[in-house]
Amino acid sequence: MGEVELQRDEELLAASGDRPQRFVALYDRTLPGLLAYFARRTLDAQVAADLAAETLAEAYASRGRFRDRGEGSAAAWLYTIARRKLGRYLRRLRVEDAARRRLGMERIELGPEDIERIEALIDFEHIGREVRDAFGELRADQREALRLRVIDGRSYREIAAVLGCSEDVVRARVSRGLKRLAAQLEG
Amino acid sequence: MDAEERERKLAETRFAAELRGQFEVLTERARHPRRHRRWLAIAVAAGVAVAGLLGTVALAGGFDPDPAHLPDPPLPAESVYPMNASGDTFGPNKPLVEEPDLMAVMATNGKVGYCYRTELVGSHQPPGTPEEAVAGNEATLRGRMIPVYESDGVTQIGVFQVGGPGSKSIGKQADGTTITQEADVDGNIITTTVAPDGATTIETKALDGTVTTKTLTAAEAARLKTTPTPKPSPGASREPDKPRAWLLARMSSLARDAGDARATARWELQFREYLKRIEGENTPASPYAQSASVWLVIMHGDFAGGSWRYWLLDPHSHEVISQGQSDQPFDTSRIPPPQGPITLGEKL
């Protein structure tokens, strides 16, 4: 067992400021967990890979700011970055690449085999069951508006014509339906 | 296959290997040759100085280290920041959440507005080469301007100054040599290198790239430290004391508006904090300070409401940032104005 293996994550991260090679050892330990974290929350293997790469790039670039505050502080620090990246992604549905660009890193396109392995982390069956249950508990008008807008991808004008109501009403139903769906899935 | 085994298998993916390769290249590149360390130290010190100006957010928090138990991030609708029509969040930085896209700042003209985070953090980018480190550091010391917008991120209302005269970067080498860099108001970069034995080299680099070097022994450097800056004798030419044309015109105008066109004036370029707080919905818990170069102008005269007034002027827009007055005597000895006084209205 080598020196690196004996070190705690916090020690590796703190030491990587002066000895950047230590970060590679930390990378080996943390990448699978990060990928799993993002895959289970975005349900998209490529997005999960991009977010994991961007999180680690930012962690590498700002590793000098890490302070060892005891067991678990490295994971707390790393997952705070991850949480921010995920939050931004959820708001814009676009993964930032600022940290990777700053470091001159390239985006990695996933191959079919990698996608399969990452998707294996996502319990689609369980999530699908939850979505179906939550969808079924929506009010009928919201469920119909959501189905036409989200699943069929119809415009608000088209949906208004189909349902015989104004576009504003359709927007309100979709918005309320999504919120309720999100709340049920969160719960 | 259980979840643990699935995660273990991720390490064997092509993605994991390629990303690892990229980090290996980065860490190799980080091993800079010794001769480059001096400039990197300076650049990093400058980065720290700038970070101090901009403010940072503590990253650490009390989270469960097990990723599976970590709380989900807030949903878009629950963002702590308001969002403009372009979908960009804006407001003063809040701790323990993501930073807004448009960060609240105080422009040099005193207006409260927002700078794009990407433009503010540009100064934190690590240099790729020693030349880039030098150029980036000098640019920071000379100061750079970032547009300040309304919350729409489009309407520009001023500029935010990062760095500039008054900011320093300090680096220390392993042998104890200290290197200090700063810019004067004319944009010259002055690099002072002090060896452990006190021997000092002062290098002045002008905007056109001309470099002049002065070497002092430890004794000479110590003498220079204790010798006050010589002041011009009363009979000497007043040329060096003349304010810039715009400043003189502005002071005359301010004196006239205040009620005494022939007031006496003192002035000084200072790097200081001013305008302490952003008011409004997103007022941060602690006072917010803007540090920038400003002209402090103090005038004595027969003004309405008092015998003296002061103004802070933006050196770029020439606008008044703030002002004050009093009918109480003002002790100018507390401020060491290297210039003036002059009597406005007199031909200089």
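So if I check each of A:ALA45, A:ALA99, A:ALA49, which one is within 21 Å of A:GLN21 (Cα to Cα) and touching a residue at least 12 places away in the same chain (Cβ under 8 Å)?
A:ALA99
When the residues of the range B:69-82 are filtered to those that are modelled with pLDDT of 60 or more and surrounded by fewer than 18 Cβ atoms within 10 Å (Cβ to Cβ), which remaining residue is nearest to the other protein chains (Cβ to nearest Cβ)?
Only one residue tops the list, namely B:VAL80.
Just checking, does the range A:39-49 include any residue being modelled with pLDDT of 85 or more and of a type in the set (Asp, Glu)?
For the range A:39-49, residues modelled with pLDDT of 85 or more and of a type in the set (Asp, Glu): absent.
Name the single residue, out of those in the range A:94-121 being at the interface with chain B (Cβ under 8 Å from one of its Cβ atoms) and in a helix (DSSP H, G or I), that is nearest to B:GLY21 (Cα to Cα).
That would be A:LEU103.
Assess whether A:ARG91 counts as being within 10 Å of chain B (Cβ to nearest Cβ), in contact with a strand residue (DSSP E or B) (Cβ under 9 Å, 6 or more places away or on another chain), closer than 22 Å to B:ASP101 by Cα and not in a loop (DSSP other than H, G, I, E, B).
Yes.
Looking at the range A:48-72, which of its residues are closer than 22 Å to B:GLN22 by Cα and more than 9 Å from every other protein chain (Cβ to nearest Cβ)?
A:ALA48, A:ASP50, A:LEU51, A:GLU54, A:THR55, A:GLU58, A:ALA59, A:ARG63
For the range A:73-84, what are the residues that are surrounded by 22 or more Cβ atoms within 10 Å (Cβ to Cβ) and either in contact with a helix residue (DSSP H, G or I) (Cβ under 7 Å, 6 or more places away or on another chain) or more than 7 Å from chain B (Cβ to nearest Cβ) (or both)?
The answer is A:SER73, A:ALA74, A:ALA75, A:LEU78, A:TYR79, A:ALA82.
Here are A:ALA134, A:ALA183: which of them is surrounded by 11 or more Cβ atoms within 10 Å (Cβ to Cβ), under 26 Å from the mean Cα position of the chain (by Cα), under 26 Å from A:VAL47 (Cβ atoms) and free of Cβ contacts under 8 Å to residues at least 40 places away in the same chain?
A:ALA183 is the lone residue from the list that is surrounded by 11 or more Cβ atoms within 10 Å (Cβ to Cβ), under 26 Å from the mean Cα position of the chain (by Cα), under 26 Å from A:VAL47 (Cβ atoms) and free of Cβ contacts under 8 Å to residues at least 40 places away in the same chain.
Going by what's in this entry, would A:ARG22 be described as farther than 27 Å from A:GLU116 by Cα and buried (at least 20 other Cβ atoms within 10 Å of the Cβ)?
It is true that A:ARG22 is farther than 27 Å from A:GLU116 by Cα and buried (at least 20 other Cβ atoms within 10 Å of the Cβ).
Can you tell me which residue in the range B:117-130 is surrounded by the most Cβ atoms within 10 Å (Cβ to Cβ), limited to those that are at pLDDT below 75 and more than 9 Å from chain A (Cβ to nearest Cβ)?
For the range B:117-130, the residue satisfying everything is B:SER123.
Residue under question is A:LEU35, and the condition is that it be facing chain B (nearest Cβ under 9 Å), within 30 Å of A:LEU178 (Cβ to Cβ), out of contact with any His (no Cβ under 9 Å at 6 or more places or on another chain) and assigned to a helix (DSSP H, G or I); does it hold?
Judged against the criteria, A:LEU35 is a match.
The values are calculated or read from the model by the stated rules, or taken from the named source; none is laboratory data. Just so we're clear, the structure is a prediction, and the values are computed from it rather than from any experiment. In this analysis, Cβ positions are derived from the backbone assuming ideal geometry, glycine residues included, and neighbour counts consider all displayed protein chains.
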